[in-house]
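For reference, the structure discussed in these notes is given below.
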Amino acid sequence: MLECVFNEHSDSLTLPQELRTMNAEQAKARIVSLTEQLNHYNYQYYQESQSPVSDQEFDFLLKELEALEQQYPAYKLAESPTQRVGGTITKEFATVVHRFPMLSLGNTYSEEEIREFDQRVRKTLGHEQIDYVCELKFDGVAVSLTYQNGVLVQAATRGDGERGDDITTNVKTIRTVPLRITGNDIPEWIEVRGEAFLPLSSFEEINKEREENGEALLANPRNAASGTIKMQDSGVVAKRKLDCYLYSLTGDKLPFTTHEQSLQWLTSKGFKVSDSWRKCSRIEDIMDFIHHWEKNKHTLPLAIDGIVIKVNKFDWQQELGFTAKSPRWAISYKYQAEKAETTLLSVEYQVGRTGAVTPVANLKPVVLAGTTVKRASLHNANEIERLDLHLLDEVSVEKGGEIIPKVTAVVVAKRKPHAQKVIFPAACPECGSTLVRQEGEAAYYCPNDKGCAPQVKGKLEHYIHRKAMNIDGLGAETIDLLYQKGMVNTPDQLYDLRYEDLIKLDRFADKSVKNLIDGIEKSKQIPFKYVLFALGIRHVGATIAEKLVDAYPSIDLLMAAKEEELVAVPEIGGRIARSVKEYFDNADHLRIIAGLRKAGVQLERSAADAPKAGLSNKLEGLTFVVSGVFTQYDREELKDLIVQHGGKIASGVSGKTSYLVAGENMGPSKLEKAQSLGVKIIDEKAFAEMID
Ligand code: IVH
């Protein structure tokens, strides 16, 4: 095995000597074999839970492949595992028109209606003996995958059912989605549909990290999955660890007669099909399936919201047909969300570091889905109003896919006489300032960001956090003390703290003071992207801060950016752009930044943190086809140069080709096609001038 030198802070790879001396043919063969080997390991790891090689070995091989592909982009295969790591940015997703509309399912919460469905099916078909396939109803986001001659060529969201978004690069990062399927029974065209989802463990991991980062939590795994699948940076999608269960197959001249066979075929081709499906011939078997999963759904690695019952025979599906919105051959039975009733003891209003005021219900403890619940979210003032909440009300608490239970209803009949209505406060419970609400936002905010204790302390705690400035020797208790003593109100004032002042404080001894001063001093070396996150600009989490720094490598450039320029940055929408602008329009914030600058905190990206650029971006946005033999360059070298200068390489001439770089003895068909499409044809000399 060859080891590549990989620099974590850049995208570049240094090839070992052996690779650099490989000729094109050898490189091509190595690319093919590495691709096959890594895809096989991937399959074993993700589908069969086996680890034939160590993570380190896998990474070495992947990096070797990456390096070879960088050097010989033309040999990169459609199923290359390097696509799994993402990295492409999609500012706007292209629209995909579904060949067959993506319909929804009729659903019911009643077992009686399932029995009626079965009777309807039997009556319409005139058969007593009907086989059904029962499946789980996965709670994620529907995706459609198109394979042409076995290669994944397109992935799309459901959208409005007729048209969805092209999310191919994002879906390619899902390790269990095959990039290519093989065998001598692969139809020219197939469409596989299924549900992309965030496993509960990944969902909890992400939320834990977001909580630590002081970022808003994702409400539930479904929202998290649909938000992730539409992210602009596929590199971020790759890190989120989405997964995908497939449950339907359509295609040209498929040899199957039943849904069961198509599921078996999908499984045999390496698609991830949940093995929870069962063929049921009697209504009682369907009921057993329903009850079994209602009881055991907590054992699953993902959220489900019910089950789906499908007529097994394709002929019969066709005979039953569709209504305008859904098939008549399938129905879903939805599980009631897990609920409990309890008494509302009081409502507490918490003020966060951004000033947002969140109402929280204190409840008489009650067991719900296996855990004791004492507090539940009330979201915002609108929700309190909608529930018409009164103190000591009997309330219904639900745990949907959400981690935090919520109050969903009031049992009005059980309301105590003269119960006191819950009124969202007009003033901040911490500092008394009149609360404000921004247009289009549900939350009320306390505007007193300079004088409201939880906001001031919350911002300081955020600044020193491990994921932000990571200041050792400083924790919430010390922040509280420094704030109480009037020594620190804003992050820049941390840098004015002196040994003489700190040693006078209770709880501080020589060692702890030195530790603290040392920690503060060290934070001056923390890279700019962490500093930007540490400032605590509303809606700017760690990832967004990184994106902003990629586009604006210094605080001065960021401060000068216009709102419309900010929204052009990947992942930055109007809400974030406005928040950034507002932050820098505030004189107090400018004072903090001036203080940080004076202290020597990093307010620009250092050269070491800058992504290593290619040679230039002179060819950005241009697509080249290279053909023939050249004198000045080896053909592969020429292709390499195109990539290093930001251009793209295509194998065939099309309307999208910008230039055909023509060498000696090139094929006449490429030349003719380029001429007929009006593609510019250049020789190697003209190319050399372009990149000079
Ligand atoms: S079959 C014609 N099977 O439910 C509809 N759908 O309400 C074909 N879903 O958008 C869908 N698990 O995203 C089917 N085992 C399953 C499913 C499933 C989840 C979702 C799917 C669809 C929605 C329909």
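Kindly indicate the residue of the stretch 72-99 that is assigned to a helix (DSSP H, G or I) and touching a helix residue (DSSP H, G or I) at 6+ places or on another chain (Cβ under 6 Å) and also farthest from Leu61 (Cα to Cα) among those meeting that condition.
In the first step, residues of the stretch 72-99 are kept if they are assigned to a helix (DSSP H, G or I); the result is 73-75, 81-85.
Still in the list and also touching a helix residue (DSSP H, G or I) at 6+ places or on another chain (Cβ under 6 Å): 73-75, 81-82, 85.
Details: Pro73: 17, Ala74: 19, Tyr75: 16, Pro81: 11, Thr82: 10, Val85: 14 Å.
Within the stretch 72-99, the match that is farthest from Leu61 (Cα to Cα) is Ala74.
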Residue hits (the stretch 100-134; in contact with a Ser or Thr (Cβ under 8 Å, 6 or more places away or on another chain) and part of a loop (DSSP other than H, G, I, E, B)) are Phe100, Met102, Leu103, Ser104, Leu105, Gly106, Gln129, Ile130, Asp131
Taking the stretch 448-459 and keeping residues in contact (Cβ under 8 Å) with a residue 60 or more places away in the chain, surrounded by 14 or more Cβ atoms within 10 Å (Cβ to Cβ) and part of a loop (DSSP other than H, G, I, E, B) leaves Asn448, Asp449, Cys452
Mind checking whether some residue in the stretch 497-508 is of a type in the set (A, V, I, L, M, F, W, C) and closer than 17 Å to Ile592 by Cα?
yes
Say we look at the stretch 534-589 and pick out the residues that are in a helix (DSSP H, G or I) and aromatic (Phe, Trp, Tyr); which of these is surrounded by the most Cβ atoms within 10 Å (Cβ to Cβ)?
Tyr583
From the list Thr182, Thr173, Thr146, Thr169, which one is touching a residue at least 12 places away in the same chain (Cβ under 8 Å), away from the ligand (no atom under 16 Å from the Cβ) and assigned to a strand (DSSP E or B)?
Thr146
In this structure, is Ala594 part of a helix (DSSP H, G or I), surrounded by fewer than 16 Cβ atoms within 10 Å (Cβ to Cβ) and of a type in the set (A, V, I, L, M, F, W, C)?
yes
From Thr358, Thr354, Thr372, which residue is closer than 21 Å to Glu441 by Cα, polar (S, T, N, Q) and assigned to a strand (DSSP E or B)?
Thr358
Taking the stated definitions as given, is Arg99 modelled with pLDDT under 95, surrounded by 14 or more Cβ atoms within 10 Å (Cβ to Cβ) and either under 16 Å from the mean Cα position of the chain (by Cα) or away from the ligand (no atom under 12 Å from the Cβ) (or both)?
no
Would you check if Asp160 is over 21 Å from Glu36 (Cα atoms), within 16 Å of the ligand (Cβ to nearest atom) and surrounded by fewer than 17 Cβ atoms within 10 Å (Cβ to Cβ)?
yes
Contact list, first residue from the stretch 127-139 and within 13 Å of Tyr247 (Cα to Cα) and within 16 Å of the ligand (Cβ to nearest atom), second anywhere and at pLDDT 95 or above and of a type in the set (Val, Ile, Thr), beta-carbon distance below 7 Å, six or more apart or interchain, is Cys134/Ile286; Cys134/Ile307; Cys134/Ile309; Glu135/Ile307; Glu135/Val308; Leu136/Ile307; Lys137/Ile307; Lys137/Val308
Residues of the stretch 649-669 being part of a strand (DSSP E or B) and of a type in the set (Val, Ile, Thr), in sequence order, are Ile649, Val661
Does the stretch 97-114 contain any residue that is touching a Lys or Arg at 6+ places or on another chain (Cβ under 8 Å) and either closer than 30 Å to Val569 by Cα or among the charged types (D, E, K, R) (or both)?
yes
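The values are calculated or read from the model by the stated rules, or taken from the named source; none is laboratory data. Quick caveat, the model's predicted, so the values are computed rather than measured. Cβ coordinates were reconstructed from backbone atoms using ideal geometry, including for glycine residues, and neighbour counts include every protein chain displayed.
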